[in-house]
Amino acid sequence: MYELFYKKITELITISETEFNFCKTLFLPKKLRKKQYLLQEGDVCKYNTFVSKGLLRSFTIDNRGTEHILQFAFEGWWIGDIYSFLTEKPSLFNIEALEECELLLISKPSMDLLLEKVPAFERYFRILIQNNLIATQRRLMGTLSETAEEKYTNLVNNFPGCLQRVPQHMIASYLGITRETLSRIRSQMAARK
């Protein structure tokens, strides 16, 4: 369960075997079945989560009952509600497993201890936060300025495996378009090939 975690960490920082062994003691391994929730709206997000295996989604439901998907988390990605995690306030998000998942969870006190005892993790999490901020800003700009077809094309180019693993109605929700619009775009693109 820790092999991918080690690989992802060492892509960004250098740590010793002793430091990694200490790191492993701070994480709680967890398995989720498909459709099982990691976090539900109104609960406090007690863990930041690394995905060792599987796929999750983070979403909200508006007043009309419409789902809005904020993020998919594939193997090697992190997921959680950082605001709720850091402030201990109730989350606005739900996090659900779309596939069987193997996860590594770290609590706020354990993360604080990790950052104190292994300073290289300060750099690791800073890089993750920077990358997340960049991705969030690009996604926001895309939402504001791109056509539905451009949004879909960017998704296909940036996350090609997503189309085989995520149901079409969830892809439409993530892109902020209707299922019908997504179906029309896919048909038009297929006709051009």
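Structure data summary
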read-out	value
Breaking point among (1) closer than 24 Å to residue 162 by Cα; (2) not in a helix (DSSP H, G or I), for residue 6	(2)
Test: residue in segment 74-92 that is of a type in the set (Gly, Ala, Ser), more than 11 Å from residue 46 (Cα to Cα), in contact (Cβ under 8 Å) with a residue 24 or more places away in the chain and surrounded by fewer than 18 Cβ atoms within 10 Å (Cβ to Cβ)	yes
Segment 154-177 residues that are not assigned by TED's automatic domain parsing to the domain that holds residue 100, paired with ones that are assigned to a loop (DSSP other than H, G, I, E, B) and crowded, with 16+ Cβ neighbours inside 10 Å (beta carbon under 6 Å, 6 or more apart)	165/55
Count - residues of segment 49-65 that are in contact (Cβ under 8 Å) with a residue 40 or more places away in the chain and polar (S, T, N, Q)	2
Filter result for residue 126 (free of Cβ contacts under 8 Å to residues at least 40 places away in the same chain, in a loop (DSSP other than H, G, I, E, B) and surrounded by fewer than 18 Cβ atoms within 10 Å (Cβ to Cβ))	no
Which numbered condition residue 155 misses (of (1) in contact with a Cys (Cβ under 7 Å, 6 or more places away or on another chain); (2) modelled with pLDDT of 95 or more)	(2)
Residue within segment 34-57 that is polar (S, T, N, Q), closer than 29 Å to residue 163 by Cα and surrounded by fewer than 20 Cβ atoms within 10 Å (Cβ to Cβ) present	yes
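The values are calculated or read from the model by the stated rules, or taken from the named source; none is laboratory data. Bear in mind that the values here come from a model prediction, so they are computed numbers and not experimental data. Positions of Cβ are generated from backbone atoms using ideal geometry, with glycine treated the same way; all protein chains shown enter the neighbour counts.
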